[in-house]
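The values are calculated or read from the model by the stated rules, or taken from the named source; none is laboratory data. Everything quoted here is computed from the prediction, not taken from an experiment. Cβ sites come from the backbone with ideal geometry, for glycine too, and all protein chains shown count toward neighbours.
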Amino acid sequence: MKRKTSIFFLLAWNDYRIFQGISRYAHEVGWQMDTRHFFLNLFPNDRSFQGMIAMWHRDPKVNAYIRKKAKQVPTVILGTQNPRVDAPMVMPDNRAAGRLAAQHLYDLYHKNYAWFAGDLCLSGAERKSAFEEHLAELGFPCTDLSCGKATFTAKAVLRKLKRVPKPVGVLARDDHDAAVLVELCKQAGLRTPEDVAVVGIGDLESLCAFSPIPVSSVSLNMDEIGYQAAAVLDLRLQNKFVPRITVIPAGNLTRRLSTGCLALTEPHVLSAVRTIDVRFAESLSMEDLAAAAGVSRRQLYILFKQEMRSSPHDYLLNVRLRHARNLITENLLTLNEIAERTGFNTPRSLNRLFHQRFGLAPSKWAKIGQPLSG
């Protein structure tokens, strides 16, 4: 009986989704997984494995072990940081994640933005750079709430957090840092998301969904990263060409309570927005919205432009389209019923405006089951 190829994997942080991705590929090709380090924190010192998937580690002894073994067996480095090994790398698209977070906060009408990280690392630097660059393109600066090269102290971050203009939208380096920031906001007497909206990166459900304040987060497609790292290693085992770096596209941003409200402070605009959010299915006129806000139609238009970068009609259309998209994705109602429930009145109007916004007719959107990003 042919002996199975044994693969040793050494992860610096044990995200179960990476393990699942690697295991899924291993099952497909019949590999035997050497899990001594994953479960027992042990290192095989013999030549009992034919390939290795490894990550940079904070422990220099672990990195030394990786460098030694990488000279003996085909190796793939998983993640953004390389422990000085001449091997192909498979990593997340950190820049795309940073830009996606910036756009999400911008779409919530934030005017103040900040970055937070507990310490310095290469992946964080990439996310921060892309976040700041996209905000600069949109015309906004970004405050750094971190301690920089200094050792992290809660007091230092709290001082910066209290000084930054509110409301503020903050991107944390990862989900763990997002949870830390939410706790610091609580200590400072600041509300999340009303005062400080927080976005994490990684979308680790145990941290994000079950936090006291569930955290919005960008998925890095961890399962796919693990799977593709194994696929690249398989090509190396076959002496086939592999690219020096393989970047796995970021996934969707899942919106949770930590970014659960719009960053609006003008009271007349807030009144109009609340009216739209509740009565979007009705035949609302601009006069109706102005009356609900207690200002003239022209004044409401000016205030919306200042506060939301759009008109009241644009916001009303966005709300209707968002609700229509949700109902179309559920695929439980006819287009005529959806049009009636979302204020479009006729399927023809819904079809035309939906196609203009999303690039697909409602019928095609329902068939492909488009995922929602928030």
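Checked against the criterion of being within 24 Å of the chain's Cα centre (by Cα), outside any helix (DSSP H, G or I) and farther than 30 Å from Ala339 by Cβ, the range 237-245 contains one or more residues that satisfy it.
For Val242, the conditions (1) in contact with a Lys or Arg (Cβ under 7 Å, 6 or more places away or on another chain); (2) assigned by TED's automatic domain parsing to the domain that holds Ser349 all hold with the exception of (2). In the set Ile302, Ile225, Ile276, only one residue is within 19 Å of Met89 (Cβ to Cβ), part of a helix (DSSP H, G or I) and not hydroxyl-bearing (Ser, Thr, Tyr); that residue is Ile225.
In the range 111-128, of all residues being of a type in the set (A, V, I, L, M, F, W, C), under 14 Å from Ala97 (Cβ atoms) and not in a loop (DSSP other than H, G, I, E, B), the one that is nearest to the chain's Cα centre (by Cα) corresponds to Trp115. Selection of the range 248-269 for residues being under 15 Å from Val215 (Cα atoms) and of a type in the set (A, V, I, L, M, F, W, C) yields Leu253, Leu257, Cys261.
Residues considered: Phe131, Phe152. Of these, the only one that is assigned by TED's automatic domain parsing to the domain that holds Ala102, aromatic (Phe, Trp, Tyr), over 17 Å from His110 (Cα atoms) and not in a strand (DSSP E or B) is Phe152. Would you call Ala101 of a type in the set (Gly, Ala, Ser) and within 16 Å of Ile7 (Cα to Cα)? Criteria not met by Ala101. Just one of (1) outside any strand (DSSP E or B); (2) under 21 Å from Leu78 (Cβ atoms); (3) among the hydrophobic types (A, V, I, L, M, F, W, C) fails for Leu105. It is (2). For the range 289-299, filtering for residues that are free of Cβ contacts under 8 Å to residues at least 24 places away in the same chain, part of a helix (DSSP H, G or I) and surrounded by fewer than 17 Cβ atoms within 10 Å (Cβ to Cβ) leaves 3.
Residues are listed down the side, and each one gets a yes or a no for (1) closer than 22 Å to Arg84 by Cα; (2) outside any loop (DSSP other than H, G, I, E, B):
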position: Lys4; (1), (2): no, no
position: Ile7; (1), (2): yes, yes
position: Tyr25; (1), (2): no, yes
position: Lys61; (1), (2): yes, yes
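Within the set Ala96, Ala87, the sole residue that is within 22 Å of the chain's Cα centre (by Cα), at pLDDT 95 or above and among the aliphatic types (A, V, I, L, M) turns out to be Ala96. Among the residues of the range 339-357, just one is closer than 14 Å to Val319 by Cβ and β-branched (Val, Ile, Thr), namely Thr342. In the condition set (1) of a type in the set (Val, Ile, Thr); (2) surrounded by 22 or more Cβ atoms within 10 Å (Cβ to Cβ); (3) more than 14 Å from the chain's Cα centre (by Cα), Ile201 is compliant with all but (3).
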